[in-house]
Amino acid sequence: MTETLDAQTDLHCHSTASDGRLSPTQLVEHACAAGIHTLALTDHDTLSGLDEARDAACSAGIRFINGVELSVSWEGKTLHIVGLGIDTQSAPLVALINRVQNTRHERAKTMAARIEKLGVVNAAERVVALAGGGQVTRTHFARLLVEDGVAEDLNKAFKKYLGAGKPAQVRGEWLPLDETVMAIHRAGGLSVLAHPLRYKFSGAWRERMLKAFKSAGGRALEVSAGASQQPDDIHCMATAARKYGLLASIGSDFHEPDQRWLRYGRLSPIPSGLPHVLQELN
Ligand code: AMP
Ligand code: MN
Ligand code: MN
Ligand code: MN
């Protein structure tokens, strides 16, 4: 089956199951209103929003693909690996996700203590309430810092406090790359290296990452990602996809309607002729 991977396809976005602002149902409705016809929900380290999103997509009449964005540690750096088309009942995948959720939980406790030192009261309890049962991420801590006036906005919260090397950041010991890719495949899914240009790597490190992902059995690359929409970026990632024999994927990394630069319909389409993930996801 030849399907096009156009800019009305979005295979990377978040709901309240992790650090998105919209519930899975609201997200699907938002995507649908923006003309998206094929959507994957890829919350951080959880499958808990998928059933609701699938029901909403069914009502809205758009195609839905199960997804997840897994946190991986590789060479001391954090990478995000998206799994698409996964079986949510897969025991090895569920076990892997339980492990990473424990890591997230412990890290949140350490981060809460640091955030309290910055002047936020009851950070530990409040961040859990703010996450509303979903996975606790740095985004939630950033929202607390803004709520309490410690930071002006989310961007500044990351820049001053939560970004790499800043006082409230705690580096998670996430999942191993090989195991993550394998678990996605055992769950019948496709592994996708998310937002390859967002890791702030040098060219040499980017090549190392692509090589490591490919040797781990990785299958696809986000050639069109929310934060890499310059024509040069698309071209550069399309070249990388061809060089490493990876399928192309497309995803906005949408978190909330206020993130204007990530608004639906703003993604650049994948260059035609590039083999892509929808050709494999049935
Ligand atoms: P975590 O996985 O808990 O480390 O949180 C990572 C999440 O923080 C990412 O998925 C983004 O949604 C968010 N994030 C990271 N850096 C920034 C930034 N500079 N501005 C806004 N959100 C960010
Ligand atoms: Mn996020
Ligand atoms: Mn990510
Ligand atoms: Mn994401």
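Read-outs: derived from the displayed coordinates by stated rules, not from any lab. Small disclaimer: the values here were computed from a predicted structure and weren't measured. Heads up, the Cβs are rebuilt from the backbone with ideal geometry, glycines too, and the neighbour counts pull from every protein chain shown.
Okay, here's what the table says:
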{"quantity": "For Leu197, residues with placed amide H under 5 Å, excluding near neighbours", "calculated": "none"}
{"quantity": "Region 106-214: trypsin sites (Lys or Arg not before Pro) falling in loop per DSSP and having at most 10 other Cβ within 10 Å", "calculated": "Lys200"}
{"quantity": "Choice from Gln89, Gln135, Gln169 showing the highest fluctuation, given a GNM over the chain with Cα pairs closer than 10 Å", "calculated": "Gln89"}
{"quantity": "FRET efficiency, 1/(1 + (r/R0)^6) with R0 22 Å, evaluated for Lys200 and Lys156 via beta carbons", "calculated": "0.75"}
{"quantity": "In order through region 177-194: 3J(HN,Hα) via Karplus (6.51 cos²θ - 1.76 cosθ + 1.60), integer Hz, x for Gly, Pro", "calculated": "4, 4, 5, 5, 4, 5, 5, 4, 5, 5, 8, x, x, 10, 8, 10, 6, 7"}
{"quantity": "Potential extension, Lys77-Ala33 segment - 0.36 nm per residue separation minus Cα distance", "calculated": "12.2 nm"}
{"quantity": "Between region 17-66 and region 167-205, the alpha-carbon center distance in angstrom", "calculated": "22 Å"}
{"quantity": "Cut-off under 5 Å, modelled amide H: who pairs with Thr46 long-range", "calculated": "Glu69"}
{"quantity": "Cut-off under 5 Å, modelled amide H: who pairs with Ala40 long-range", "calculated": "Asp10, Leu11, His12, Ile65"}
{"quantity": "Helix-derived mean residue ellipticity, 222 nm - over the chain, DSSP H n ≥ 4, -39500 (n - 2.57), to 500", "calculated": "-12000 deg cm²/dmol"}
{"quantity": "Extension gain from Ala91 to Ala124, taking 0.36 nm per residue of separation minus the Cα-Cα distance", "calculated": "8.8 nm"}
{"quantity": "Mean separation of Cα contacts under 8 Å (6+ apart) over length of the chain, as relative contact order %", "calculated": "22 percent"}
{"quantity": "Distance in nm between pseudo-label sites at Thr103 and Arg171 (7 Å out along the Cβ direction from Cα)", "calculated": "1.3 nm"}
{"quantity": "Cα extents of region 28-162 along the three principal axes, largest first (Å)", "calculated": "47, 35, 27"}
